[in-house]
Amino acid sequence: MSIEKSSSIVLSTMPYRESSILMYLFTREHGRIHGLAKGIRTHDRRGVPVERGYLIEHMTYLKPHRDLHQVTDCHIRQHYPAIRGNLEKTAVRDVLFDLVLGGIKVTDPHPELFDYLLRYLSYLDGQSCDGSVLLLSLSKTLFGLAGYLGFRIDFGRCITCGKGFGKNVAAWLTVDRGMLRCGDCSPGQAKTDRLLPGNAAVYFARPEALLFREIPQLTDKEASALLHLACDYCRYHLDIRRRLESLSFIEHLFAAPPPAGEYGRQR
Ligand SMILES: [Zn+2]
């Protein structure tokens with residue numbers, strides 16, 4: 001057994017017995033781990049109100065060949081109050097976390113992905129709450145997640161003719177092969193081909209330093225379709241079978257309200 005100090009993103013929590021919590025954590029050092037924090041759901045000084053989405057520091061007692069590790073001395077480093085206090089932001093974060101939980105099945109270090117997730121959480125915490133911006137930046141982050149796990153897409157140019165995409169050059173993504181082609185080079189579409197607006201491809205192609213700047217103007221409907229595409233891509237390549245409740249919730253949350261007066265006319 002080894003004892004280590006770790007930084008972790010709390011991916012999920014579940015109460016366990018009277019005062020303990022079972023958590024899935026994404027640690028910088030080991031990737032995804034399943035941890036048991038004993039006695040932290042108390043009201044005395046040992047109590048730490050750990051929730052999904054927090055960045056925490058803790059000691060980990062790692063037992064080789066075991067699935068559950070003991071977690072002690074939890075301290076909250078960052079609780080991202082603006083995400084926690086906003087339903088839309090919490091909802092987009094939950095889609096990302098559900099795909100991380102579904103897509104990473106073994107304990108295996110991914111330090112770059114850990115830093116990437118932290119950057120996204122900081123960005124989301126400071127971001128305004130425009131619906132299509134939240135959905136587009138989430139889609140970009142999901143394609144980035146797939147990229148860190150070995151399924152990166154070159155959004156820069158058509159794989160056949162080498163042409164870049166843009167406002168007037170839409171892109172076809174062949175989901176199962178992770179290939180992007182322009183309309184001219186995609187005469188007979190494959191079954192898994194999906195169309196995306198060229199300006200979205202340009203945005204996804206931008207280096208991560210520009211991750212969240214110059215977000216294209218798309219309607220909520222287009223942004224929602226792109227999010228579905230990004231989720232389908234992750235699910236296909238990361239072998240995620242279960243239904244994403246968090247995605248259904250987003251649909252519900254961002255669904256446009258009916259135009260004013262629509263019901264009046266029906267009467
Ligand atoms: Zn082409």
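Return the long-range amide H neighbours of Q78 (sequence gap of 5 or more, or a different chain), with a cut-off of under 5 Å between placed amide H atoms.
The list, which skips near neighbours in sequence, is L55.
Residues in the range 158-201, backbone N under 15 Å from the label point at K221 (7 Å along the Cα-to-beta-carbon vector): list them, ranges by number please.
Correct set: 197.
Calculate, in nm to one decimal, what R17 and A82 gain on full extension: separation in residues at 0.36 nm each, minus their alpha carbon distance. Walk me through the numbers before you get to the answer.
Working: separation 65, 0.36 × 65 = 23.40 nm, distance 3.06 nm.
Full extension from R17 to A82 adds 20.3 nm.
Report the GluC sites (Glu not before Pro) located in the range 19-98 that are in a DSSP loop and have at most 10 other Cβ atoms inside 10 Å of their Cβ, or state none.
Working: sites: E29, E51, E57, E88; in loops: E29, E51.
Sites meeting the loop and neighbour criteria: none at all.
Computed FRET efficiency, Cβ-Cβ of E214 and C129, R0 22 Å: what is it to the nearest 0.05? Don't jump to the answer; show the numbers that get you there.
Numbers: r = 19 Å, r/R0 = 0.85.
Once the sixth-power term is evaluated, E becomes 0.75.
Tell me which trypsin sites (Lys or Arg not before Pro) from the range 1-37 have a DSSP coil assignment and no more than 15 other beta carbons within 10 Å of their own.
Answer by residue number: R17.
Return the loop-located GluC sites (Glu not before Pro) in the range 154-253 (DSSP other than H, G, I, E, B) with at most 12 other Cβ atoms within 10 Å of their own Cβ; answer none if there are none.
Working: sites: E208, E214, E222, E245, E251; in loops: E214.
Listed in order of number, the matching sites are E214.
Compute the Rg/Rh shape ratio of the range 2-78: radius of gyration over Kirkwood radius, all on alpha-carbon atoms.
Working: Rg = 11.2 Å, Rh = 12.1 Å.
On the Cα set of the range 2-78, Rg over Rh gives 0.92.
Starting at the first residue of the range 142-154, write each ³J(HN,Hα) from the Karplus equation 6.51 cos²θ - 1.76 cosθ + 1.60 with θ = phi - 60°, in whole Hz, x for Gly and Pro.
Values, residue by residue: 5, 4, x, 4, 4, x, 5, 9, x, 10, 6, 10, 8 Hz.
Say the dipole of the chain comes from +1 at the beta carbon of Lys and Arg and -1 at that of Asp and Glu; which of G150, M1, G183 then lies farthest toward its positive end?
Value computed over the given set: M1.
Only counting other Cβ atoms within 10 Å, I'd like M59, M14 sorted with the fewest neighbours first. The partial results should precede the final answer.
Working: M59 13, M14 10.
Starting with the residue having the fewest Cβ neighbours, the order is M14, M59.
For the chain, restrict the atom set to alpha-carbon positions and state the Rg and Dmax in Å.
In Å, with Rg to one decimal and Dmax whole: 20.6, 71.
Taking K and R as +1 and D and E as -1, what net charge do the other residues with C-beta under 15 Å from the C-beta of R17 add up to? Don't skip to the answer; put the middle values down first.
Numbers: positive: K38, R41, R46; negative: E18.
Overall, the nearby charge balance is +2.
In what order do H65, H79, H58 fall by count of nearby beta-carbon atoms within 10 Å, going from fewest to most? Don't jump to the answer; show the numbers that get you there.
Numbers: H65 4, H79 16, H58 25.
Lowest to highest Cβ neighbour count: H65, H79, H58.
For a footprinting-style exposure proxy, rank L25, L118 by other Cβ within 10 Å, fewest first. Don't skip to the answer; put the middle values down first.
Values: L25 25, L118 16.
So the ranking, lowest neighbour count to highest, is L118, L25.
With the Cα gyration tensor of the range 92-131 giving a ≥ b ≥ c as the square roots of its eigenvalues, does the rule (a/c under 1.5 for rounded; else a/b larger than b/c for prolate; else oblate) give rounded, prolate or oblate? Each step should come with its number before you reach the end.
On the way: a/c = 4.89, a/b = 1.69, b/c = 2.89.
Oblate shape, in that a/c is at least 1.5 and b/c is the bigger or equal ratio.
Using the Cα centre of the range 1-82 as the reference point, and only Cβ charges (+1 on K/R, -1 on D/E), how large is the resulting charge dipole? Debye, rounded to the nearest 20. Please report the intermediate quantities before stating the final value.
Working: 12 positive and 8 negative charges, 14 e Å.
It works out to roughly 60 debye.
Any read-out appearing in this document is the output of simple, stated calculations on the displayed coordinates, not a laboratory observation. The structure displayed is predicted, hence computed values, not measured ones. Positions of Cβ are backbone-derived with ideal geometry, glycine not excepted, and every protein chain shown enters the neighbour counts.
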